[in-house]
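The values are calculated or read from the model by the stated rules, or taken from the named source; none is laboratory data. Since this is a predicted model, take the numbers as computed values, not measurements. When we count neighbours, we look across all protein chains shown, and the Cβ atoms used for this are built from the backbone with ideal geometry, even at glycine.
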Amino acid sequence: MRYKNKMEENKIEEESIEADAQDIEEEVIKVEASQEIMKKAGIEDLPGVGAATAQKLQEAGFSDLMAVAVASPGEVVEATGISEQVARKMINAARSGLQMGFESGEDLLKRRERVQKISTSSAAFDELLGGGFETSAIVECFGEFGSGKTQIGHLLAVNCQKDDPTAVAIYIDTENTFRPERIIQFAKGAGMDSQKVLANIKVAKAYNSDNQMLLAEKVDDMIKKDGHNVRVVIIDSLTAHFRAEFIGRGTLAERQQKLNKHMHVLLKLADTHNVCIYVTNQVMAKPDVFFGDPTQAIGGHIVAHASTFRIYLRKGKKGSRVAKLIDSPNLADGECNFFVEEGGLKDVK
Ligand code: GTP
Ligand code: MG
């Protein structure tokens, strides 16, 4: 009797599994069909997006499904004024429509092949970085005043043009330290036509953190709409405005949130356009550290995490500078010495 019951139970279970499998299959067919539609879709095809919302999204830079898919609900709410629930639905629809997800290792290797290395003109520094500053990456240099962060920014703006006369450098200057005279010196040091080099450097001053964020967002248009062959974007300094504007413990969360958003824009820029993003960062004193280096980079883990390479710069012996590679996805940590000279960086003999 008990045995018979067991048989029946099994049968019922088998049937329900079969029914589930059929449901799942139908669901897959539905999803695939909607993905087919979404491939051709724009933001106006998302749920909850009428003409007015579509326009607001466009104006805020959410011009395609990808932009919506990678946004946070908060960003969409801010841009459109719709409720958070609708924003969530919209983002989820964009995500499932885009089949976001995985790439094969082979595809990634192919993408890595387009990566270029920008030379620092110091053989030791280049070697530390596996050939130079990489494109498709964010490289952060942090260190005390006078450690050479700004000099390196100028140098990259020049050297990215060495092998490619159409290459453009974008310099977002937050501390009013960009000097065209210095560009001329570095260009001459590298045997390049200084006027041409200067012409291919687009400089913008950022007067506050909002301004800085907006300028970074504009770079995408400069590449897509204006057709500039941007190889390097320099943000000098990344954190100074944020540090000055958000003072006190109570504002820390807001500062980190904005910084996080900024870093995401930069990361996307690096990735989609094969650009080297060079950001500089100051250090602050850590009064509670008695051993090792008593300094710490501003911006905390948000900046550290988003950066692909991190370099700590400090003053060394006899006026030299020491660069220490702190964090890299594929290179050994290490140190090198060089001098900052009129025409470029020179190795310590
Ligand atoms: P902060 O922005 O103040 O945090 O510093 P930083 O890290 O940006 O320093 P920066 O890159 O401005 O380095 C300044 C140092 O570079 C100077 O103290 C000089 O040692 C060196 N330097 C700048 N210009 C020249 C130059 O024309 N010739 C030589 N030999 N050295 C220079
Ligand atoms: Mg500086």
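A few notes on this one:
- Count of region 136-153 residues which are more than 8 Å from ligand 1 (Cβ to nearest atom) and outside any strand (DSSP E or B): 1
- Filter pass, Val158 being touching an Asp or Glu at 6+ places or on another chain (Cβ under 7 Å) and on the phi < 0 side of the Ramachandran plot: no
- Sole exception among (1) more than 17 Å from Ser122 (Cα to Cα); (2) buried (at least 18 other Cβ atoms within 10 Å of the Cβ); (3) within 16 Å of ligand 2 (Cβ to nearest atom) for Tyr312, by number: (1)
- Output for region 212-246, where each listed residue is of a type outside the set (Gly, Ala, Ser), touching a helix residue (DSSP H, G or I) at 6+ places or on another chain (Cβ under 9 Å) and farther than 23 Å from Asp164 by Cα: Gln212, Met213, Glu217, Asp236, Leu238, Thr239, His241, Phe242, Arg243, Glu245, Phe246
- Listed by first and then second residue, the pairs with beta-carbon distance under 8 Å, at least 6 apart or on different chains, first residue in region 171-197 and part of a helix (DSSP H, G or I), second among the charged types (D, E, K, R), are Gln185/Glu342; Ala187/Asp193; Gly189/Glu341; Gly189/Glu342; Ser194/Lys188.
Residue-wise test of (1) closer than 30 Å to Leu57 by Cβ; (2) crowded, with 21+ Cβ neighbours inside 10 Å; (3) not assigned by TED's automatic domain parsing to the domain that holds Val322.
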position: Val86; (1), (2), (3): yes, no, yes
position: Phe102; (1), (2), (3): yes, no, yes
position: Arg114; (1), (2), (3): no, no, no
position: Ser121; (1), (2), (3): no, yes, no
position: Glu127; (1), (2), (3): no, no, no
position: Gly131; (1), (2), (3): no, no, no
position: Gly146; (1), (2), (3): no, no, no
position: Lys149; (1), (2), (3): no, yes, no
position: Gly153; (1), (2), (3): no, yes, no
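- The set of residues from region 168-215 being of a type in the set (Gly, Ala, Ser) and either within 12 Å of ligand 1 (Cβ to nearest atom) or crowded, with 21+ Cβ neighbours inside 10 Å (or both) comprises Ala169, Ala187, Gly189, Ala206, Ser209.
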